[in-house]
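**Q** Let me begin by handing over the structure; questions about it come next.
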Amino acid sequence: MSQIQQAMALLIDCFQKYAGKEGDKNTLNRGELKELLQKEFGGPLSKSNDKAAIDRIFKDLDANKDNSVDFREYVSLVACLTQLCFESFTTK
């Protein structure tokens, strides 16, 4: 597999690792999203116990307002964070 294919497979695997622990295997609920953010993204998110911050992230991601984060919404988060990282690395 190419590097981009490996990255895509990793994104899918990560989503599936957390989705459905407490219900639908195709979506993340608020608790599953919190666990994913804390364990996979590290940094400030790994230490965040701020329920309001997690709630804001969840609300912003839940574009269709179905009270869950589907794969498309999760990919939007990853894309935004990747863009922020890119901008940070290129401005140094």
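The values are calculated or read from the model by the stated rules, or taken from the named source; none is laboratory data. Quantities reported herein were computed from a predicted structural model and do not represent experimental measurements. So basically every Cβ, Gly included, is an ideal-geometry build from the backbone, and we count neighbours across all protein chains shown. The area values use the complete protein model at the heavy-atom level, side chains included, leaving out ligands, DNA and RNA. Shrake-Rupley method; radii C 1.70, N 1.55, O 1.52, S 1.80 Å.
**Q** Can you confirm whether the range 10-17 contains a residue that is open to solvent by less than 50 Å² (accessible area, probe 1.4 Å), within 10 Å of the chain's Cα centre (by Cα) and not acidic (Asp, Glu)? If you could, list the steps in order and put the result at the bottom.
**A** Just the residues of the range 10-17 that are open to solvent by less than 50 Å² (accessible area, probe 1.4 Å), to begin with: 14-15.
In the following step, the residues that additionally are within 10 Å of the chain's Cα centre (by Cα) were identified as 14-15.
With the extra rule that they be not acidic (Asp, Glu), the set shrinks to 14-15.
Taking every residue of the range 10-17 in turn, at least one turns out to be open to solvent by less than 50 Å² (accessible area, probe 1.4 Å), within 10 Å of the chain's Cα centre (by Cα) and not acidic (Asp, Glu).
**Q** Could you give me the residue pairs with C-beta distances under 7 Å whose first residue belongs to the range 21-38 and is in contact (Cβ under 8 Å) with a residue 40 or more places away in the chain and closer than 16 Å to Lys59 by Cα, whose second residue is outside any loop (DSSP other than H, G, I, E, B) and among the acidic types (Asp, Glu) wherever it lies, and which are 6+ apart or on separate chains?
**A** Within 7 Å, the pairs are Thr27/Asp70.
**Q** Considering each residue of the range 55-76, count those that are at pLDDT 90 or above, in a helix (DSSP H, G or I) and open to solvent by less than 80 Å² (accessible area, probe 1.4 Å), and give that number.
**A** 5
**Q** Does the range 31-41 include one or more residues that are modelled with pLDDT of 85 or more, outside any helix (DSSP H, G or I), touching an Asp or Glu at 6+ places or on another chain (Cβ under 7 Å) and open to solvent by less than 50 Å² (accessible area, probe 1.4 Å)? Step through it out loud before you land on a result.
**A** Within the range 31-41, the first condition is being modelled with pLDDT of 85 or more, and the residues that meet it are 31-40.
So of that shortlist, the ones also outside any helix (DSSP H, G or I) come out as none.
Looking for residues that are modelled with pLDDT of 85 or more, outside any helix (DSSP H, G or I), touching an Asp or Glu at 6+ places or on another chain (Cβ under 7 Å) and open to solvent by less than 50 Å² (accessible area, probe 1.4 Å), one finds none in the range 31-41, hence no.
Residue-wise test of (1) open to solvent by less than 80 Å² (accessible area, probe 1.4 Å); (2) at pLDDT below 90.
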| position | (1), (2) |
| --- | --- |
| Gly20 | yes, yes |
| Asp24 | no, no |
| Leu28 | yes, no |
| Asn49 | no, yes |
| Ala53 | yes, yes |
| Ser88 | yes, yes |
